[in-house]
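Reading through the structure tokens given below for one structure.
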Amino acid sequence: MAAVLLPFDAGGGIDWTAFAAHVGRTAAAGLLPAVNMDTGYVHLLDELSRRAVLERTAAVLGGGPFVAGAFVADAPGDPWRPDLVVAAMEPIVARGGLPIVFPSYGLTALPGPEVVAAHEELARHCDRFLAFELGRQFAPFGAVYDLETYGGLLGIPQCVGAKHSSLRREPEWDRLALRDERRPEFLVLTGNDLAIDMVMYGSDYLLGLATFAPDAFAARDAAWEQGDPRFYELNDALQYLGRFAFRDPVPAYRHSAAQFLAHRGWIASDATPAGAPRRPDTDLDVLREISTLLEALVA
């Protein structure tokens, strides 16, 4: 799964044409598009824009599958509001998407047993959804749960997987071991853009890094499936890109993605919405080098 960048134009508006093209490009490469994610600036969008993202995604895919963030904008100290999350899930399901329950201040402030109970409550309203652990380096309302809490999520049949974005291998290895023991079909979706080789250990993925080069990720995945040693060269090149793009401050990776996609000619501008951190223009020299390397490896 690839978390799709939401492109903006030089005037500060959403570039819907480029967005639709990139959703289609991602699906055509064989990756499942994930929209209204951190990569899509979901926390900086208003409700109308989030709904428009869903509508345009469904239109591009023509009934094909996708993932979308069920996001609730709250503030520190706000209570957990399951009704608002259910309301965010409903339009995703109605358009054929799989909701992923986005962290919120109200949710992540709960103690572990109540986090599990909160997801059990959502399960009464939705047949299939994903959970989401998001490290604080990505967003202040994120949280990575303890392993006991994660085990509780495994016990919810409607929760078919969980994205893990701690950017650390050890907690993910622990989750894989618990998954293998208790529920082998559960999707451990790595969000570790600094260790995309987690697929070698049994993780699947939902990566922001995949939006930079869905074609290269698809080629890497095919090589891994076929036992082709080209996997390692492609993985190393993509990891070089991930290490560079996801350096501190981590949220600026979205501007790195815009720079990279603009260089590739896939979007018209590297513009970002107000409030999103940006990278220096000097990054382009490194991004061009990596783009040339990936083109050679995918050819």
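The values are calculated or read from the model by the stated rules, or taken from the named source; none is laboratory data. Remember, it's a predicted structure, so these values are computed and weren't measured experimentally. Reconstructed Cβ throughout: ideal geometry from the backbone, glycine too, with neighbour counts over all protein chains shown. These area figures cover heavy atoms from the full protein model, side chains too; ligands, DNA and RNA do not enter into them. Shrake-Rupley method; radii C 1.70, N 1.55, O 1.52, S 1.80 Å.
Of note:
- Among the residues of the stretch 37-44, some residue qualifies, meaning at least one is closer than 26 Å to Cys126 by Cα, within 19 Å of the chain's Cα centre (by Cα) and among the aromatic types (Phe, Trp, Tyr).
- Filtered residue count, the stretch 45-104, keeping only those that are aromatic (Phe, Trp, Tyr) and over 15 Å from the mean Cα position of the chain (by Cα): 1
- Breaking point among (1) assigned to a helix (DSSP H, G or I); (2) of a type outside the set (S, T, N, Q); (3) open to solvent by less than 10 Å² (accessible area, probe 1.4 Å), for Asp193: (1)
- Filter result for Gln259 (open to solvent by 20 Å² or more (accessible area, probe 1.4 Å), in a helix (DSSP H, G or I) and among the polar types (S, T, N, Q)): no
- Counted residues, the stretch 131-160 - those being under 14 Å from Glu120 (Cα atoms) and of a type outside the set (Phe, Trp, Tyr): 12
- Of all the listed residues (Leu134, Leu153), the sole one being among the aliphatic types (A, V, I, L, M) and under 13 Å from the mean Cα position of the chain (by Cα) is Leu134.
- Residue within the stretch 51-66 that is open to solvent by 10 Å² or more (accessible area, probe 1.4 Å), part of a loop (DSSP other than H, G, I, E, B) and under 21 Å from Leu122 (Cβ atoms) present: yes
- Residue that is open to solvent by 20 Å² or more (accessible area, probe 1.4 Å), small (Gly, Ala, Ser) and more than 24 Å from Gly208 (Cα to Cα), where the choices are Ala117, Ala73, Ala123: Ala117
- Restricting attention to the stretch 196-241, the residues that are in contact (Cβ under 8 Å) with a residue 24 or more places away in the chain, among the aromatic types (Phe, Trp, Tyr) and either buried (at least 20 other Cβ atoms within 10 Å of the Cβ) or out of contact with any helix residue (DSSP H, G or I) (no Cβ under 8 Å at 6 or more places or on another chain) (or both) total 3.
- Which numbered condition Gly106 fails, given (1) touching a Pro at 6+ places or on another chain (Cβ under 7 Å); (2) open to solvent by less than 50 Å² (accessible area, probe 1.4 Å); (3) touching a residue at least 40 places away in the same chain (Cβ under 8 Å): (3)
- Some residue of the stretch 64-79 being in contact with an Asp or Glu (Cβ under 8 Å, 6 or more places away or on another chain), in contact (Cβ under 8 Å) with a residue 40 or more places away in the chain and more than 21 Å from Pro277 (Cβ to Cβ): no
- Tabulated pairs, the stretch 166-189, first at positive phi, second β-branched (Val, Ile, Thr) and buried (at least 19 other Cβ atoms within 10 Å of the Cβ), C-beta under 9 angstrom, 6+ apart or interchain: Leu167/Val250
- Test result for Leu167, at pLDDT 95 or above, within 27 Å of Ala252 (Cα to Cα) and part of a loop (DSSP other than H, G, I, E, B): yes
- Comparison of Phe141, Phe129 shows that the only residue that is open to solvent by less than 10 Å² (accessible area, probe 1.4 Å) and either over 29 Å from Asp236 (Cβ atoms) or of a type in the set (Asp, Glu) (or both) is Phe129.
- Residue match in the stretch 278-288 (condition: closer than 18 Å to Tyr41 by Cα and open to solvent by less than 60 Å² (accessible area, probe 1.4 Å)): yes
- If only residues of the stretch 146-183 that are touching a Gly at 6+ places or on another chain (Cβ under 7 Å) and of a type in the set (A, V, I, L, M, F, W, C) are counted, the one that is farthest from Met37 (Cα to Cα) is Leu178.
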